[in-house]
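Written below as structure tokens is the structure these notes are about.
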Amino acid sequence: MTDDVLLTISLLLIAALVARLLASFLRIPEILVLVAIGALLGPSALDVVDVPFESLGAQLMFTLGVSLILFYGGLNLSLPLLRKVWVALGMLVVPGVIITTFVVGAAAHFAFDLPWSAALLVGAVLSPTDPAILIPLFLRSRLRPKVAQTVIAESAFNDPTGAVLALTLAGIVVTGDSSISEPVAEFAVDLGISTVIGIVAGVLLAAAISSHRAGIWRESSAIAVLAVVSISFFSLDTAGGSGYLGAFLAGLIVGNMDHLGLAMHDPHEAEMRVFAFNLADLVTLIVFVVLGANLPFDTLGENLLPALAVLAVLMLVARPLTVFACVLPDRGGRWERSELAFLCWTRETGVIPAALVGVLAGLGVPHGDVLASVVALAIVLTLLLQALPARWLADRLGLLEPRTRAVKTVPVEKLPEPDAAGQVPPGGVSPPDGIRTAGGSGPPPTA
């Protein structure tokens, strides 16, 4: 038994590394290669990796592991930047997720002939967006900061919101309850509980790892993050909230602890951020390999056309409707038509919907083959049709910032020392007047 577990873990890690290498060599999205290799190694092909969605390891990865991804997402958001678009962002996070859920749910109801509760669950699972591909594209493309931050922040916030809504609807599907008022109330309660516990956990964690007197774990910040996220996740799960939202809010508070009058020593902060990044990266790789290994190829063919119809509604109807309904009321944001057009088209389905498929399978939610098929196709299509053309579209819409001339810099430690006459050796570079260097202060002496 132990040998089988170790072998499976080893194969998953090797598959992830090979996928990353192939994606870099072939210059194609890494997520596509991860899903493809997972499918190749899974029971439907080579049958060397068997990690069912309902297995303990997969469930741990989809719950606690994804919470760590969301913690890292919150950790990297800047509150001052978010304040500039807070109206549009606030609308996209909750009303936007609900609009997407109902529009896509209606499409799933008619395309798959699903009960309304199950169809809305499909919409909720597809409602979160994922910036994993978009962030590096934005960094390379010089996209207008307001637009880039809005897309990234929307994804970070609507991931936990969509997860909470999906898990609420999953309870209705499993119990067969047809009441509307009860799930709405439950959704609101879940958001409230998750928000309170997430904020408390974030404040306590920020204080405990800070350089303040209360920083009792300042030298063990990475371990503290793992401990607090784990404890808060299972506390929220017990209390009826969402560990996803709680972990995200905790990360948001820790990443902006300066607004609480707290700070971290640079080495400790670097250690924490590297640890959170590596964990989030590892979980993301494993989630997509496991998703590929569990693709229902036996039913994928019969689900193909209905799934494509649902995804067409998601991209061509639900997304534009959501953007216009949520962003246009934000008069203070001064949104231009080109910016709205970019927001309407650019999105990506990624790790959170993939993880939700696994979580729902573990809960025994019916129509799991439909969910897996739609999510897998959504990942592929949104990558190819929406994420990859993002730079081209931004260029056509005039949303790229002007290219600035790069200034060549020389590391201070490599600057040659002036001789006694203040002259720099031939071929050397002298620091500009008034610039302090490691070898002294102020301008070099004059002869």
(request) Would you mind ranking THR100, THR382, THR2 so that the residue whose beta carbon has the fewest other beta carbons within 10 Å leads the list? (result) THR2, THR382, THR100
(message) Along the Cα→Cβ direction, 7 angstrom out, place labels at SER44 and ARG331. What is the inter-label distance in nm?
(response) 5.2
(request) Would you mind finding the longest exposed-site-free stretch of the chain, with exposed GluC sites (Glu not before Pro) meaning DSSP loop and at most 16 other Cβ atoms within 10 Å? (result) 55-335
(request) Taking the Cα atoms of the chain, report the difference between the largest and smallest coordinate on each principal axis, in whole Å and largest first. (result) 88, 54, 45
(message) In whole Hz and in residue order, list the ³J(HN,Hα) couplings for the range 313-323 that follow from phi through the Karplus curve 6.51 cos²θ - 1.76 cosθ + 1.60, θ = phi - 60°; x for Gly and Pro.
(response) 5, 4, 7, 9, 10, 5, 5, x, 4, 4, 4
(request) List the residues whose amide H sits under 5 Å from the amide H of ALA263, counting only those 5 or more places along or on another chain, with H placed 1.01 Å from N in the peptide plane. (result) SER211, HIS212
(request) State the extension gain, in nm to one decimal, for the chain segment bounded by TRP392 and PHE277, taking 0.36 nm per residue of separation less the distance between their alpha-carbons. (result) 38.5 nm
(request) Quick one: among VAL375, VAL274, VAL254, which has the greatest mean-square fluctuation in a GNM of the chain with alpha-carbon springs under 10 angstrom? (result) VAL274
(request) For ILE231 and GLU302, compute 0.36 nm times the residue count separating them, minus their Cα-Cα distance, and round to one decimal in nm. (result) 21.3 nm
(message) Quick check: the distance between the Cα centres of the range 237-251 and the range 344-381, to the nearest angstrom?
(response) 21
(request) For ILE223 and ILE28, compute 0.36 nm times the residue count separating them, minus their Cα-Cα distance, and round to one decimal in nm. (result) 66.7 nm
(message) Only four residue types carry charge here, +1 at the Cβ of Lys and Arg and -1 at the Cβ of Asp and Glu. Report the dipole size of the chain about the Cα centre in Debye, rounded to the nearest 20.
(response) 1860
(request) Please work out the Cα center distance from the range 69-90 to the range 151-179, rounded to the nearest Å. (result) 20
(request) Give the residues of the range 25-61 whose amide nitrogen is closer than 12 Å to a point set 7 Å from the Cα of VAL18 in the direction of its Cβ. (result) 34, 36-42, 46-49
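FYI, it's all coordinate maths here, none of it is from the lab. Just so it is clear, the structure is predicted and the values come from calculations on it, not from any experiment. Note that we place each Cβ from the backbone using ideal geometry, even for glycine, and neighbour counts take in every protein chain shown.
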